[in-house]
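The values are calculated or read from the model by the stated rules, or taken from the named source; none is laboratory data. Not measured: the values here are computed from a predicted model. A quick note on method: Cβ atoms are made from the backbone with ideal geometry, for glycine too, and the neighbour counts reach across all protein chains shown. Accessible surface is based on the protein model in full, side chains and every heavy atom, while ligands, DNA and RNA are left aside. Shrake-Rupley method; radii C 1.70, N 1.55, O 1.52, S 1.80 Å.
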Amino acid sequence: MTFVDAVVIPAAGAGSRFNELGKQYPKCCLPYQEKPIIRHIVERTMHLGKEVRIITSNQEQEDAIRYALELNGKIDKEIKFFKVDLSLVQGPATSLYAGLHDLDTAIVFLSDAIPVLPDSLDHDANKVYTSIVPDWARWCMVKTVDSNSIKFFDKPQDRPPTNTAACGVYSLKNVKDYIKAFEDLQHSGETQFSHVFERMQHQYGCSFHSPIWNGELLDFGTLSEYISNRSIRKERVFNDITVEDIGNNTKIVTKRSTDTAKLMAEASFIQNLPQKYSVYYPRVNSIDVEKSMYTMDYIYAPSLRDIALFLDKSYETWVEIFNSINRFIKTCETSVSRESSSYWGSNFLKNVERLRAANLFLPEIKDKYVRDYAFLENLQSDLSSRFGDSRTMYHGDLHFANMFYDFNTKQLKLVDPRGEFSGHWFYDMAKLMHSVIGKYDYIDSQLYSITSDGKAVYYDKGHEQITKAFRDVFGEESALLRKLTASLFLTMIPLHKDNPTNMRLFYKEYERLLNAEEKTND
(Lines give C-alpha, C1' and ligand atoms only; values in the text may rest on other atoms or scores of the structure.)
Protein backbone atom coordinates (compact mmCIF):
# COMPACT_ATOMS: atom_id res chain seq x y z
CA MET A 1 0.00 0.00 0.00
CA THR A 2 1.52 3.34 -1.05
CA PHE A 3 1.52 6.25 1.38
CA VAL A 4 4.05 8.70 -0.11
CA ASP A 5 4.65 10.18 -3.53
CA ALA A 6 8.05 8.52 -3.88
CA VAL A 7 10.65 6.31 -2.28
CA VAL A 8 13.90 8.28 -2.67
CA ILE A 9 17.31 6.57 -2.57
CA PRO A 10 20.40 8.84 -2.58
CA ALA A 11 23.18 6.81 -4.26
CA ALA A 12 25.63 9.49 -5.38
CA GLY A 13 28.49 8.60 -3.02
CA ALA A 14 31.95 7.94 -4.41
CA GLY A 15 32.50 4.71 -2.42
CA SER A 16 35.89 5.91 -1.16
CA ARG A 17 35.57 3.79 2.01
CA PHE A 18 35.46 0.66 -0.16
CA ASN A 19 39.03 0.95 -1.44
CA GLU A 20 39.66 -0.95 -4.70
CA LEU A 21 36.15 -2.39 -4.78
CA GLY A 22 34.68 1.11 -4.54
CA LYS A 23 36.74 2.24 -7.53
CA GLN A 24 35.25 -0.50 -9.68
CA TYR A 25 31.60 -0.53 -8.58
CA PRO A 26 29.09 1.75 -6.85
CA LYS A 27 28.78 0.09 -3.44
CA CYS A 28 25.02 -0.24 -3.78
CA CYS A 29 25.67 -2.48 -6.81
CA LEU A 30 27.72 -4.99 -4.81
CA PRO A 31 26.11 -8.37 -4.13
CA TYR A 32 24.37 -9.66 -1.04
CA GLN A 33 22.73 -13.11 -1.12
CA GLU A 34 23.06 -13.34 -4.91
CA LYS A 35 21.49 -9.94 -5.65
CA PRO A 36 22.89 -6.39 -5.77
CA ILE A 37 22.26 -4.37 -2.60
CA ILE A 38 20.23 -1.78 -4.53
CA ARG A 39 17.90 -4.50 -5.83
CA HIS A 40 17.19 -5.65 -2.26
CA ILE A 41 16.44 -2.07 -1.19
CA VAL A 42 14.08 -1.39 -4.09
CA GLU A 43 12.26 -4.71 -3.76
CA ARG A 44 11.68 -4.20 -0.04
CA THR A 45 10.55 -0.56 -0.17
CA MET A 46 9.00 0.15 -3.57
CA HIS A 47 5.44 -0.59 -2.40
CA LEU A 48 5.64 2.42 -0.04
CA GLY A 49 5.60 4.99 -2.84
CA LYS A 50 3.97 5.66 -6.19
CA GLU A 51 7.43 5.60 -7.77
CA VAL A 52 11.09 5.03 -6.86
CA ARG A 53 13.69 7.76 -7.35
CA ILE A 54 17.43 7.11 -7.31
CA ILE A 55 19.96 9.95 -7.21
CA THR A 56 23.39 9.49 -8.79
CA SER A 57 26.38 11.73 -9.41
CA ASN A 58 27.08 10.90 -13.08
CA GLN A 59 25.94 8.85 -16.06
CA GLU A 60 28.45 6.05 -15.45
CA GLN A 61 27.07 5.55 -11.95
CA GLU A 62 23.50 5.60 -13.24
CA ASP A 63 24.31 3.02 -15.93
CA ALA A 64 25.91 0.71 -13.36
CA ILE A 65 22.89 0.95 -11.04
CA ARG A 66 20.43 0.39 -13.90
CA TYR A 67 22.37 -2.72 -14.88
CA ALA A 68 22.43 -3.96 -11.28
CA LEU A 69 18.67 -3.46 -10.93
CA GLU A 70 17.97 -5.46 -14.09
CA LEU A 71 20.26 -8.41 -13.30
CA ASN A 72 17.57 -10.39 -11.52
CA GLY A 73 14.70 -9.60 -13.88
CA LYS A 74 12.32 -6.72 -14.52
CA ILE A 75 11.11 -4.63 -11.55
CA ASP A 76 7.40 -3.91 -11.68
CA LYS A 77 7.68 -0.30 -10.58
CA GLU A 78 8.55 2.99 -12.20
CA ILE A 79 12.11 3.99 -11.34
CA LYS A 80 13.36 7.46 -12.13
CA PHE A 81 16.97 8.66 -12.00
CA PHE A 82 18.15 12.13 -11.02
CA LYS A 83 21.66 13.57 -10.97
CA VAL A 84 23.22 15.80 -8.34
CA ASP A 85 23.80 19.40 -9.41
CA LEU A 86 27.60 19.64 -9.33
CA SER A 87 27.42 23.42 -8.98
CA LEU A 88 26.05 22.98 -5.44
CA VAL A 89 28.08 22.23 -2.34
CA GLN A 90 28.28 18.45 -2.25
CA GLY A 91 27.04 16.23 0.56
CA PRO A 92 24.25 13.80 1.46
CA ALA A 93 21.62 16.51 1.81
CA THR A 94 22.49 17.74 -1.69
CA SER A 95 21.89 14.27 -3.12
CA LEU A 96 18.48 14.13 -1.51
CA TYR A 97 17.63 17.63 -2.76
CA ALA A 98 18.20 16.49 -6.35
CA GLY A 99 15.40 13.96 -6.16
CA LEU A 100 12.70 15.85 -4.25
CA HIS A 101 11.41 18.43 -6.74
CA ASP A 102 7.68 18.20 -7.60
CA LEU A 103 7.01 15.91 -4.61
CA ASP A 104 4.86 16.61 -1.58
CA THR A 105 5.82 13.56 0.49
CA ALA A 106 8.69 11.10 0.41
CA ILE A 107 10.39 8.36 2.39
CA VAL A 108 14.16 8.15 2.14
CA PHE A 109 16.35 5.05 2.37
CA LEU A 110 20.14 5.32 2.05
CA SER A 111 21.70 3.13 -0.62
CA ASP A 112 24.19 1.37 1.68
CA ALA A 113 21.71 -0.31 4.07
CA ILE A 114 19.15 -3.02 3.30
CA PRO A 115 16.02 -2.47 5.39
CA VAL A 116 13.75 -5.06 6.90
CA LEU A 117 10.55 -3.08 7.32
CA PRO A 118 8.67 -3.08 10.63
CA ASP A 119 5.20 -4.61 10.83
CA SER A 120 3.60 -1.17 10.72
CA LEU A 121 4.81 2.02 9.08
CA ASP A 122 2.88 5.28 8.77
CA HIS A 123 3.49 8.75 7.44
CA ASP A 124 1.77 11.02 9.92
CA ALA A 125 4.76 13.36 10.49
CA ASN A 126 8.34 14.22 9.52
CA LYS A 127 10.44 11.46 11.04
CA VAL A 128 14.12 10.77 11.54
CA TYR A 129 14.20 7.09 12.41
CA THR A 130 16.84 6.15 14.97
CA SER A 131 18.60 3.16 16.47
CA ILE A 132 20.59 2.69 19.67
CA VAL A 133 24.36 2.77 19.06
CA PRO A 134 27.36 2.32 21.38
CA ASP A 135 29.94 4.21 19.29
CA TRP A 136 28.35 7.65 19.42
CA ALA A 137 31.29 9.60 17.95
CA ARG A 138 30.85 8.47 14.34
CA TRP A 139 27.10 9.04 14.14
CA CYS A 140 24.58 11.84 13.88
CA MET A 141 23.08 11.43 17.35
CA VAL A 142 19.43 12.39 17.89
CA LYS A 143 17.56 13.42 21.05
CA THR A 144 13.84 14.10 21.44
CA VAL A 145 13.29 17.59 22.89
CA ASP A 146 9.49 17.53 23.08
CA SER A 147 6.59 15.91 21.25
CA ASN A 148 7.23 17.96 18.10
CA SER A 149 10.97 18.60 17.92
CA ILE A 150 14.33 16.85 18.08
CA LYS A 151 17.96 17.93 18.54
CA PHE A 152 20.95 16.72 16.51
CA PHE A 153 24.55 16.09 17.59
CA ASP A 154 26.40 15.47 14.32
CA LYS A 155 29.60 13.45 14.87
CA PRO A 156 30.03 14.90 18.38
CA GLN A 157 33.41 15.36 20.03
CA ASP A 158 31.99 14.73 23.50
CA ARG A 159 29.40 12.14 24.52
CA PRO A 160 25.93 13.64 23.88
CA PRO A 161 22.94 13.21 26.23
CA THR A 162 21.44 10.44 24.07
CA ASN A 163 22.28 6.95 22.87
CA THR A 164 20.17 7.02 19.69
CA ALA A 165 21.44 7.92 16.23
CA ALA A 166 19.88 8.58 12.84
CA CYS A 167 19.81 5.18 11.15
CA GLY A 168 19.38 6.36 7.54
CA VAL A 169 15.60 6.21 7.10
CA TYR A 170 13.75 9.54 6.86
CA SER A 171 10.06 10.22 6.34
CA LEU A 172 9.29 13.69 4.91
CA LYS A 173 5.77 15.01 5.18
CA ASN A 174 6.89 18.54 4.22
CA VAL A 175 9.12 18.06 1.17
CA LYS A 176 8.73 21.64 -0.03
CA ASP A 177 10.02 22.93 3.31
CA TYR A 178 13.09 20.66 2.93
CA ILE A 179 13.76 22.25 -0.46
CA LYS A 180 13.45 25.80 0.93
CA ALA A 181 15.62 25.03 3.97
CA PHE A 182 18.29 23.42 1.82
CA GLU A 183 18.41 26.36 -0.57
CA ASP A 184 18.75 28.75 2.38
CA LEU A 185 21.67 26.75 3.77
CA GLN A 186 23.52 26.52 0.46
CA HIS A 187 24.87 30.02 1.16
CA SER A 188 26.53 28.74 4.36
CA GLY A 189 27.91 25.58 2.75
CA GLU A 190 26.01 23.22 5.08
CA THR A 191 24.87 20.01 3.39
CA GLN A 192 24.21 17.56 6.25
CA PHE A 193 20.69 16.24 6.73
CA SER A 194 20.72 17.42 10.34
CA HIS A 195 21.28 21.08 9.41
CA VAL A 196 18.42 21.05 6.93
CA PHE A 197 16.07 19.34 9.39
CA GLU A 198 16.98 21.80 12.15
CA ARG A 199 16.22 24.74 9.87
CA MET A 200 12.90 23.16 8.91
CA GLN A 201 12.02 23.02 12.60
CA HIS A 202 13.24 26.45 13.66
CA GLN A 203 12.46 28.56 10.58
CA TYR A 204 9.38 26.86 9.16
CA GLY A 205 7.83 25.35 12.28
CA CYS A 206 7.90 21.79 10.98
CA SER A 207 7.31 19.08 13.57
CA PHE A 208 9.86 16.25 13.74
CA HIS A 209 9.69 12.92 15.56
CA SER A 210 12.55 10.46 16.19
CA PRO A 211 11.00 7.00 16.63
CA ILE A 212 13.17 3.90 16.99
CA TRP A 213 13.33 1.91 13.76
CA ASN A 214 11.57 -1.30 14.74
CA GLY A 215 12.67 -3.20 11.68
CA GLU A 216 16.23 -4.18 10.85
CA LEU A 217 18.92 -2.51 8.79
CA LEU A 218 21.83 -4.41 7.30
CA ASP A 219 24.51 -1.74 7.14
CA PHE A 220 27.04 -1.86 4.30
CA GLY A 221 28.40 1.64 4.76
CA THR A 222 32.07 0.66 5.08
CA LEU A 223 34.14 -2.17 3.63
CA SER A 224 34.51 -3.84 7.03
CA GLU A 225 30.73 -3.67 7.58
CA TYR A 226 30.12 -5.05 4.10
CA ILE A 227 32.40 -8.03 4.74
CA SER A 228 31.06 -8.60 8.25
CA ASN A 229 27.34 -8.25 7.56
CA ARG A 230 27.37 -10.67 4.67
CA SER A 231 28.24 -13.34 7.28
CA ILE A 232 30.22 -15.54 4.91
CA ARG A 233 31.88 -18.36 6.80
CA LYS A 234 35.53 -18.72 5.79
CA GLU A 235 36.54 -21.80 7.83
CA ARG A 236 34.99 -25.16 7.01
CA VAL A 237 36.79 -27.54 9.38
CA PHE A 238 37.85 -25.29 12.23
CA ASN A 239 35.06 -24.38 14.57
CA ASP A 240 36.64 -21.37 16.16
CA ILE A 241 39.40 -18.86 15.52
CA THR A 242 39.73 -16.06 18.04
CA VAL A 243 42.09 -13.09 18.33
CA GLU A 244 43.08 -11.81 21.76
CA ASP A 245 44.89 -8.59 22.62
CA ILE A 246 47.43 -9.50 25.32
CA GLY A 247 48.83 -5.98 25.79
CA ASN A 248 51.92 -4.13 24.58
CA ASN A 249 50.33 -3.86 21.12
CA THR A 250 50.49 -7.63 20.81
CA LYS A 251 47.78 -10.02 19.64
CA ILE A 252 47.60 -13.78 19.73
CA VAL A 253 45.45 -16.16 17.70
CA THR A 254 43.79 -19.24 19.20
CA LYS A 255 42.63 -21.96 16.85
CA ARG A 256 40.26 -24.75 17.94
CA SER A 257 38.72 -27.67 16.10
CA THR A 258 36.61 -30.77 16.51
CA ASP A 259 39.06 -32.46 14.13
CA THR A 260 41.83 -32.81 16.72
CA ALA A 261 44.08 -35.00 14.59
CA LYS A 262 44.14 -32.52 11.72
CA LEU A 263 44.65 -29.56 14.04
CA MET A 264 47.54 -31.22 15.89
CA ALA A 265 49.18 -32.29 12.62
CA GLU A 266 49.05 -28.70 11.44
CA ALA A 267 50.51 -27.26 14.66
CA SER A 268 53.25 -29.91 14.79
CA PHE A 269 54.08 -29.33 11.13
CA ILE A 270 54.64 -25.60 11.71
CA GLN A 271 56.63 -26.16 14.92
CA ASN A 272 59.02 -28.63 13.31
CA LEU A 273 59.73 -26.87 10.04
CA PRO A 274 63.35 -26.12 9.15
CA GLN A 275 64.24 -22.41 9.27
CA LYS A 276 64.04 -21.82 5.53
CA TYR A 277 60.34 -22.82 5.61
CA SER A 278 59.35 -21.70 9.10
CA VAL A 279 59.98 -18.02 8.21
CA TYR A 280 56.83 -18.21 6.10
CA TYR A 281 54.58 -19.24 9.00
CA PRO A 282 53.45 -17.51 12.18
CA ARG A 283 55.12 -18.92 15.30
CA VAL A 284 53.15 -21.54 17.24
CA ASN A 285 53.29 -20.59 20.91
CA SER A 286 51.40 -23.42 22.62
CA ILE A 287 49.56 -26.65 21.85
CA ASP A 288 46.80 -28.18 24.00
CA VAL A 289 45.71 -31.62 22.74
CA GLU A 290 43.03 -32.11 25.40
CA LYS A 291 41.32 -28.84 24.48
CA SER A 292 42.01 -29.41 20.77
CA MET A 293 43.61 -26.00 20.30
CA TYR A 294 46.84 -24.18 19.68
CA THR A 295 47.94 -20.55 19.80
CA MET A 296 50.08 -18.66 17.32
CA ASP A 297 51.30 -15.16 16.58
CA TYR A 298 48.89 -12.74 14.96
CA ILE A 299 49.73 -11.68 11.40
CA TYR A 300 49.63 -7.89 11.07
CA ALA A 301 48.95 -7.90 7.34
CA PRO A 302 46.01 -8.37 4.93
CA SER A 303 45.31 -11.68 3.23
CA LEU A 304 45.93 -11.93 -0.49
CA ARG A 305 42.19 -12.52 -0.87
CA ASP A 306 41.41 -9.19 0.77
CA ILE A 307 44.07 -7.47 -1.33
CA ALA A 308 42.74 -9.01 -4.56
CA LEU A 309 39.03 -8.52 -3.91
CA PHE A 310 38.93 -5.28 -1.95
CA LEU A 311 42.21 -3.40 -1.66
CA ASP A 312 44.60 -3.34 -4.61
CA LYS A 313 44.55 -5.03 -8.03
CA SER A 314 47.43 -3.06 -9.50
CA TYR A 315 49.96 -4.87 -11.66
CA GLU A 316 52.97 -3.53 -9.72
CA THR A 317 51.59 -4.70 -6.38
CA TRP A 318 50.97 -8.21 -7.64
CA VAL A 319 54.37 -8.55 -9.30
CA GLU A 320 55.84 -7.86 -5.87
CA ILE A 321 53.55 -10.41 -4.21
CA PHE A 322 54.10 -13.12 -6.83
CA ASN A 323 57.87 -12.70 -6.66
CA SER A 324 57.62 -13.48 -2.95
CA ILE A 325 55.41 -16.52 -3.60
CA ASN A 326 57.81 -17.66 -6.30
CA ARG A 327 60.65 -17.70 -3.78
CA PHE A 328 58.57 -19.93 -1.50
CA ILE A 329 57.68 -22.29 -4.38
CA LYS A 330 61.32 -22.58 -5.46
CA THR A 331 62.36 -23.36 -1.88
CA CYS A 332 59.80 -26.18 -1.83
CA GLU A 333 60.72 -27.41 -5.32
CA THR A 334 64.35 -27.98 -4.36
CA SER A 335 63.51 -29.92 -1.17
CA VAL A 336 62.99 -33.47 -2.41
CA SER A 337 61.43 -35.86 0.09
CA ARG A 338 62.84 -39.34 0.76
CA GLU A 339 59.36 -40.81 0.72
CA SER A 340 58.96 -42.83 -2.47
CA SER A 341 55.22 -43.52 -2.68
CA SER A 342 53.36 -41.69 -5.42
CA TYR A 343 51.78 -38.46 -4.23
CA TRP A 344 49.65 -38.29 -7.37
CA GLY A 345 48.31 -41.80 -6.84
CA SER A 346 47.08 -41.00 -3.33
CA ASN A 347 45.71 -37.66 -4.56
CA PHE A 348 43.75 -39.49 -7.27
CA LEU A 349 42.10 -41.81 -4.72
CA LYS A 350 41.05 -38.79 -2.65
CA ASN A 351 39.71 -37.05 -5.74
CA VAL A 352 37.62 -40.05 -6.82
CA GLU A 353 36.09 -40.20 -3.35
CA ARG A 354 35.20 -36.50 -3.59
CA LEU A 355 33.81 -36.92 -7.11
CA ARG A 356 31.39 -39.55 -5.79
CA ALA A 357 30.37 -37.19 -3.00
CA ALA A 358 29.95 -34.35 -5.51
CA ASN A 359 27.49 -36.50 -7.48
CA LEU A 360 25.45 -37.02 -4.31
CA PHE A 361 25.27 -33.30 -3.55
CA LEU A 362 24.72 -32.24 -7.19
CA PRO A 363 22.49 -34.90 -8.76
CA GLU A 364 22.36 -32.94 -12.04
CA ILE A 365 26.01 -33.86 -12.81
CA LYS A 366 25.52 -37.64 -12.46
CA ASP A 367 25.24 -38.14 -16.22
CA LYS A 368 28.78 -36.74 -16.56
CA TYR A 369 30.36 -39.03 -13.96
CA VAL A 370 32.07 -41.30 -16.51
CA ARG A 371 33.61 -38.33 -18.29
CA ASP A 372 34.72 -36.68 -15.03
CA TYR A 373 36.22 -39.92 -13.68
CA ALA A 374 38.13 -40.43 -16.93
CA PHE A 375 39.43 -36.86 -16.72
CA LEU A 376 40.78 -37.44 -13.19
CA GLU A 377 42.28 -40.79 -14.19
CA ASN A 378 44.04 -39.34 -17.24
CA LEU A 379 45.23 -36.39 -15.17
CA GLN A 380 46.74 -38.70 -12.57
CA SER A 381 48.50 -40.63 -15.32
CA ASP A 382 49.91 -37.42 -16.85
CA LEU A 383 51.11 -36.15 -13.47
CA SER A 384 52.76 -39.45 -12.62
CA SER A 385 54.46 -39.53 -16.01
CA ARG A 386 55.70 -35.97 -15.53
CA PHE A 387 56.88 -36.20 -11.91
CA GLY A 388 57.14 -39.91 -11.10
CA ASP A 389 57.12 -40.76 -7.41
CA SER A 390 59.03 -37.65 -6.38
CA ARG A 391 57.68 -35.67 -3.42
CA THR A 392 58.67 -32.26 -2.15
CA MET A 393 57.89 -29.92 0.70
CA TYR A 394 54.64 -28.05 0.08
CA HIS A 395 51.89 -26.07 1.80
CA GLY A 396 48.98 -28.08 0.44
CA ASP A 397 46.31 -25.35 0.28
CA LEU A 398 48.09 -22.35 -1.21
CA HIS A 399 45.19 -20.14 -2.26
CA PHE A 400 44.81 -16.40 -1.65
CA ALA A 401 42.86 -16.65 1.62
CA ASN A 402 45.69 -18.62 3.23
CA MET A 403 48.41 -16.13 2.33
CA PHE A 404 49.19 -12.74 3.87
CA TYR A 405 51.57 -10.06 2.65
CA ASP A 406 53.19 -7.34 4.72
CA PHE A 407 54.09 -4.47 2.38
CA ASN A 408 56.33 -2.84 5.00
CA THR A 409 58.56 -5.83 5.67
CA LYS A 410 58.02 -7.44 2.22
CA GLN A 411 57.20 -10.71 3.99
CA LEU A 412 54.85 -13.46 2.85
CA LYS A 413 53.10 -15.40 5.61
CA LEU A 414 51.09 -18.61 5.25
CA VAL A 415 48.39 -20.24 7.37
CA ASP A 416 46.34 -23.47 7.30
CA PRO A 417 48.94 -25.84 5.81
CA ARG A 418 47.99 -29.43 5.02
CA GLY A 419 50.20 -30.58 7.87
CA GLU A 420 52.31 -32.98 5.76
CA PHE A 421 56.03 -32.85 5.18
CA SER A 422 55.85 -34.29 1.69
CA GLY A 423 53.47 -33.53 -1.12
CA HIS A 424 54.34 -31.67 -4.29
CA TRP A 425 55.11 -28.06 -5.15
CA PHE A 426 53.16 -28.44 -8.42
CA TYR A 427 49.98 -28.99 -6.43
CA ASP A 428 50.65 -25.68 -4.64
CA MET A 429 50.95 -24.01 -8.04
CA ALA A 430 47.52 -25.34 -9.02
CA LYS A 431 46.03 -24.11 -5.74
CA LEU A 432 47.52 -20.71 -6.46
CA MET A 433 46.17 -20.84 -10.01
CA HIS A 434 42.57 -21.39 -8.97
CA SER A 435 42.78 -17.96 -7.35
CA VAL A 436 44.58 -16.47 -10.38
CA ILE A 437 42.78 -17.86 -13.45
CA GLY A 438 39.74 -19.35 -11.69
CA LYS A 439 36.93 -17.63 -9.83
CA TYR A 440 37.59 -19.42 -6.54
CA ASP A 441 37.85 -16.34 -4.30
CA TYR A 442 34.87 -14.64 -5.92
CA ILE A 443 32.73 -17.75 -5.44
CA ASP A 444 33.92 -18.52 -1.92
CA SER A 445 33.38 -14.87 -0.92
CA GLN A 446 30.03 -14.79 -2.78
CA LEU A 447 31.08 -11.79 -4.84
CA TYR A 448 28.57 -12.66 -7.52
CA SER A 449 24.96 -12.09 -8.47
CA ILE A 450 22.77 -14.68 -10.14
CA THR A 451 20.80 -13.42 -13.14
CA SER A 452 17.18 -14.26 -13.87
CA ASP A 453 18.32 -17.03 -16.25
CA GLY A 454 20.67 -18.55 -13.67
CA LYS A 455 24.02 -17.19 -14.87
CA ALA A 456 26.65 -15.83 -12.49
CA VAL A 457 27.93 -12.28 -12.81
CA TYR A 458 31.25 -11.93 -10.95
CA TYR A 459 32.49 -8.68 -9.41
CA ASP A 460 36.00 -9.16 -10.75
CA LYS A 461 36.85 -5.96 -12.64
CA GLY A 462 40.59 -5.41 -12.72
CA HIS A 463 41.50 -9.03 -12.00
CA GLU A 464 43.20 -9.30 -15.38
CA GLN A 465 46.08 -7.24 -13.92
CA ILE A 466 46.60 -9.95 -11.29
CA THR A 467 46.63 -12.65 -13.98
CA LYS A 468 49.09 -10.66 -16.10
CA ALA A 469 51.42 -10.15 -13.12
CA PHE A 470 51.31 -13.89 -12.39
CA ARG A 471 52.28 -14.83 -15.93
CA ASP A 472 55.04 -12.24 -16.04
CA VAL A 473 56.57 -13.72 -12.87
CA PHE A 474 55.93 -17.46 -13.37
CA GLY A 475 55.57 -17.64 -17.14
CA GLU A 476 52.61 -18.92 -19.14
CA GLU A 477 51.01 -21.85 -17.36
CA SER A 478 51.33 -25.29 -18.92
CA ALA A 479 48.40 -27.39 -20.15
CA LEU A 480 49.04 -29.85 -17.31
CA LEU A 481 48.83 -27.09 -14.70
CA ARG A 482 45.57 -25.80 -16.15
CA LYS A 483 44.09 -29.31 -16.02
CA LEU A 484 45.16 -29.76 -12.41
CA THR A 485 43.62 -26.38 -11.59
CA ALA A 486 40.35 -27.44 -13.25
CA SER A 487 40.31 -30.62 -11.15
CA LEU A 488 40.40 -28.57 -7.94
CA PHE A 489 37.03 -26.99 -8.75
CA LEU A 490 35.53 -30.43 -9.36
CA THR A 491 36.86 -32.03 -6.20
CA MET A 492 36.11 -29.15 -3.83
CA ILE A 493 32.35 -29.40 -4.45
CA PRO A 494 31.53 -31.61 -1.42
CA LEU A 495 33.49 -29.26 0.85
CA HIS A 496 30.87 -26.59 0.09
CA LYS A 497 27.75 -28.70 0.61
CA ASP A 498 26.30 -25.92 2.81
CA ASN A 499 25.97 -23.68 -0.28
CA PRO A 500 24.30 -25.24 -3.37
CA THR A 501 24.96 -22.16 -5.50
CA ASN A 502 28.68 -22.29 -4.77
CA MET A 503 28.78 -25.99 -5.64
CA ARG A 504 27.14 -25.37 -9.01
CA LEU A 505 29.49 -22.49 -9.77
CA PHE A 506 32.53 -24.61 -8.90
CA TYR A 507 31.35 -27.23 -11.36
CA LYS A 508 30.85 -24.55 -14.01
CA GLU A 509 34.39 -23.30 -13.37
CA TYR A 510 35.70 -26.86 -13.79
CA GLU A 511 33.90 -27.16 -17.12
CA ARG A 512 34.96 -23.67 -18.23
CA LEU A 513 38.64 -24.41 -17.64
CA LEU A 514 38.30 -27.86 -19.15
CA ASN A 515 36.59 -26.53 -22.28
CA ALA A 516 39.17 -23.77 -22.63
CA GLU A 517 41.92 -26.37 -22.49
CA GLU A 518 40.21 -28.56 -25.10
CA LYS A 519 39.76 -25.56 -27.44
CA THR A 520 43.45 -24.71 -27.02
CA ASN A 521 44.42 -28.26 -27.99
CA ASP A 522 42.14 -28.11 -31.05
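Structure summary
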quantity	calculated
The stretch 104-120 - phi-based ³J(HN,Hα) in whole Hz, Karplus 6.51/-1.76/1.60, Gly and Pro as x	9, 9, 7, 10, 10, 10, 5, 7, 10, 9, 8, x, 10, 5, x, 4, 10
Inter-part distance where the stretch 276-315 and the stretch 455-470 are each reduced to a Cα centre, Å	24 Å
Gyration tensor (Cα) of the stretch 134-208, equivalent ellipsoid semi-axes in angstrom	22, 15, 10
Length gained when the stretch residue 341-residue 230 is fully extended (0.36 nm per residue, less Cα-Cα span)	35.6 nm
Shape metrics for the chain, restricted to C-alpha atoms - Rg then Dmax, Å	27.2, 86
For the stretch 83-184: Kirkwood Rh in Å [reciprocal of mean 1/r, alpha carbons]	15.1 Å
Set 413/483; 27/461; 27/127; 366/508 screened for pairs whose C-alpha atoms are more than 23 Å apart	413/483; 27/127
Amide H contacts of residue 217 (H built 1.01 Å from N, under 5 Å, at least 5 apart or other chain)	116
Rounded if a/c under 1.5, otherwise prolate or oblate - the stretch 377-438, Cα gyration tensor axes	prolate
Antiparallel bridges, percent of DSSP beta bridges restricted to the chain (to nearest 5)	75 percent
Accessible area of residue 334 in the full protein assembly, 1.4 Å probe (Å², nearest 10)	110 Å²
Cα shape, the stretch 118-175, gyration tensor, a/c 1.5 rule	prolate
The stretch 25-76: C-alpha gyration tensor shape, a/c 1.5 cut-off, then a/b vs b/c	oblate
Degrees, to the nearest 10: 343-361 long Cα axis against longest axis of the chain	40 degrees
Degrees separating the helix 369-387 axis from the principal Cα axis of the chain, which is the longest one	60 degrees
Whole-number Å³ per residue for the convex hull built on Cα positions in the stretch 293-390	226 Å³
Residue-by-residue Karplus 3J(HN,Hα) for the stretch 395-403, coefficients 6.51, -1.76, 1.60, Hz, glycine and proline x	8, x, 8, 8, 9, 4, 5, 9, 10
Built amide H within the under 5 Å cut-off of residue 140, gap 5+	155, 166
Share of Cα-Cα pairs in the stretch 362-481 lying beyond 26 Å, as whole percent	36 percent
Projected area, mean over directions - the stretch 118-276, Cα convex hull, nm²	16.1 nm²
Relative contact order %, the chain, counting alpha carbon pairs below 8 Å whose residues are six or more apart	13 percent
Only Lys, Arg (+1) and Asp, Glu (-1) charged, at Cβ; the chain dipole about Cα centre in debye	800 debye
Hz values of 3J(HN,Hα) by residue in the stretch 306-322 - Karplus curve (6.51, -1.76, 1.60), Gly and Pro given as x	5, 5, 5, 7, 10, 10, 7, 9, 5, 4, 4, 4, 7, 4, 4, 5, 5
Viscosity 0.890 mPa s, 25 °C: Kirkwood-radius Stokes-Einstein D of the stretch 322-370 over Cα pairs, µm²/s	176 µm²/s
Pair residue 158, residue 83: separation of 7 Å Cα→Cβ label points (nm)	4.6 nm
CD proxy at 222 nm, helix term only [per DSSP H run n ≥ 4: -39500 (n - 2.57); per residue of the chain; nearest 500]	-12000 deg cm²/dmol
